[in-house]
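Engineer: Sharing a structure with you now.
The values are calculated or read from the model by the stated rules, or taken from the named source; none is laboratory data. Keep in mind that this is a model prediction, so the values were computed, not measured. Note: ideal-geometry Cβ built from the backbone for every residue, glycine included; neighbour counts use all protein chains shown. For accessibility, only protein heavy atoms count, side chains too; no ligands or nucleic acids. Shrake-Rupley method; radii C 1.70, N 1.55, O 1.52, S 1.80 Å.
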Amino acid sequence: MYDALIVGARCAGSPLAMLLARRGARVLLLDRATFPSDIPHGHFVHRHGPRRLREWGLLGHVAARTPGVTSAIVDLGDFPLPIREIVEHDLPWAYGPRRTTLDKILVDAAAASGAEVRDGFHVDEYIADGGAVVGVRGREADGRQVEERATITIGADGRNSRLARFVSAQTYNEVPPILCYYFSYWQDVEAENFEMYVRGEQRRIIFSFRTEDDLFAVFVGFPADEFPQIRGDIEGTFMGVLDAIPGFGERVRAGRRADRFYGAADLPNFYRKPYGHGWALVGDAGLHKDPILALGICDAFRDVEFLADAIADGLSGRAVLAAALAEYERRRNEASATDYAENIAAARFAPLPPQVLAIRAAVRDKPEDAARLWKARNGMIDPAEFFNPQNLQRLLGGRSAASA
């Protein structure tokens, strides 16, 4: 009998197992993959993600494999804005480790913290007793049939979570898929650590960054209804978007593509009720959104801390578990609400407010202000340090300071 049984050992499940085990819980972590294992998903860790990796003692392992992202070019359809020195308290804005690297670091951290990790494990079914989820039946990597039980069973098994289906978890704030994506990797590309190009009129976005082994990852987002057409000529359509950005396609073509193209179209936006009698959901299983702002990993890191607090309080008797899990849902929803709305607006290529364009224009030739703007927008500094009346008046004068 375990305190917590977690299905899914990637960016949500492994950190949750690690945090619970560090608090003394008996944790079983299961995944059908064997690690290291790749997955055709994004892998950009930014905003509060690097800070949490540092607090957990794992950032050094990530930084040893992939460079920190400390410079960028961001073009929102107005002009390419260079941003330099994106570092605060010796912490780079972002990292882009491949999932083979990041997930293995997280799985190893869970095991080192005392969680029991079984990869290559296939969950065949969930077990219910008296209306509560009490565990799983499945097969070990060697084919042995086993049954494992726990006080709480957690689904960290992605947007198509089997546990969510088993318990008929309610969804809310749903928005159907908006964009689809293709991506690949290039060697020997002359580029900034990070480059983003948004073309709202064409409904296209390029999201690119330096990853490990000096590879340059390039993601392109298209309207979801174009997915069947794009599949007919992936490379031609993809490279056509890059070529439409002056100089960018040329720089990428000067390198060498080092991997195949990967694609994804099943990208709905939703919240799920993340708990019930004997079960909980975390990561994409409980909250999924379009990848346009690359929030998946850092939001999973945040939410596992909320869930670890709730489970620890429930197991220790400091709170009734159901009440603690309700507080987890409240904290998750409060922390994610603004980003969720902004993410959907970005995926729809909603026109930018005039004051946003005015502020970008005002910092175009002011490198320190451009860096502070980026840090304020990405949670590296208190937004009030940049978005205060005095600073906006300094930058904008009478143009748009009041509305900004």
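Engineer: All but one of (1) of a type outside the set (D, E); (2) touching a residue at least 12 places away in the same chain (Cβ under 8 Å); (3) over 24 Å from A164 (Cβ atoms) hold for G120; state the number of the condition that does not hold.
Structural biologist: Every condition holds for G120 apart from (3).
Engineer: So Y181 ticks every box in (1) in contact with an Asp or Glu (Cβ under 8 Å, 6 or more places away or on another chain); (2) in contact (Cβ under 8 Å) with a residue 60 or more places away in the chain; (3) hydroxyl-bearing (S, T, Y) but one. Which box is left unticked?
Structural biologist: So Y181 meets the others, but not (1).
Engineer: Tell me the residue from A4, A110, A9 that is open to solvent by less than 10 Å² (accessible area, probe 1.4 Å), in contact with a strand residue (DSSP E or B) (Cβ under 9 Å, 6 or more places away or on another chain) and either part of a helix (DSSP H, G or I) or at positive phi (or both), please. Even if it seems obvious, please write down each step before you answer.
Structural biologist: Values: A4 fails: either part of a helix (DSSP H, G or I) or at positive phi (or both); A9 fails: either part of a helix (DSSP H, G or I) or at positive phi (or both).
Exactly one residue qualifies, and that residue is A110.
Engineer: Taking the stated definitions as given, is E385 touching a strand residue (DSSP E or B) at 6+ places or on another chain (Cβ under 7 Å), of a type in the set (D, E, K, R) and modelled with pLDDT of 95 or more?
Structural biologist: no
Engineer: Select, from G138, G143, G158, the only residue that is surrounded by fewer than 22 Cβ atoms within 10 Å (Cβ to Cβ), in a loop (DSSP other than H, G, I, E, B) and out of contact with any helix residue (DSSP H, G or I) (no Cβ under 7 Å at 6 or more places or on another chain). First the steps, then the outcome.
Structural biologist: Working: G138 fails: in a loop (DSSP other than H, G, I, E, B); G158 fails: out of contact with any helix residue (DSSP H, G or I) (no Cβ under 7 Å at 6 or more places or on another chain).
When all the criteria are applied, what remains is G143.
Engineer: Let me ask something additional. Select from the range 286-301 the residues that are over 20 Å from Y172 (Cα atoms) and not β-branched (V, I, T) and write down the one among them that is most open to solvent (accessible area, probe 1.4 Å).
Structural biologist: L293
Engineer: Next question, about the same structure. Of everything in the range 38-63 that's touching a helix residue (DSSP H, G or I) at 6+ places or on another chain (Cβ under 8 Å) and hydrophobic (A, V, I, L, M, F, W, C), which residue is farthest from W93 (Cα to Cα)?
Structural biologist: By that ranking, first place goes to I39.
Engineer: Related question: Scan the range 34-59 for residues that are in a loop (DSSP other than H, G, I, E, B), hydrophobic (A, V, I, L, M, F, W, C) and within 20 Å of T211 (Cβ to Cβ) and report the count.
Structural biologist: Narrowing the range 34-59 to residues in a loop (DSSP other than H, G, I, E, B): 34-44, 46-48, 56-58.
Within this subset, residues satisfying the condition of being hydrophobic (A, V, I, L, M, F, W, C) are 35, 39, 44, 56, 58.
From the residues that got through so far, the ones that are within 20 Å of T211 (Cβ to Cβ) too are 35, 39, 44, 58.
The qualifying residues number 4.
Engineer: Of all residues in the range 201-214, which are outside any strand (DSSP E or B) and under 12 Å from L179 (Cβ atoms)?
Structural biologist: Of the range 201-214, the ones outside any strand (DSSP E or B) are 201-203, 211-214.
Of everything in the range 201-214, just one residue is outside any strand (DSSP E or B) and under 12 Å from L179 (Cβ atoms), namely R203.
Engineer: What is the number of the single condition among (1) more than 18 Å from the chain's Cα centre (by Cα); (2) open to solvent by less than 40 Å² (accessible area, probe 1.4 Å); (3) over 30 Å from D129 (Cβ atoms) that G276 does not meet?
Structural biologist: (3)
Engineer: Sticking with this one: Do you know which residues across the range 234-252 are open to solvent by 10 Å² or more (accessible area, probe 1.4 Å) and either among the small types (G, A, S) or closer than 11 Å to A191 by Cβ (or both)?
Structural biologist: Within the range 234-252, G236, G240, A244, G247, R251 qualify.
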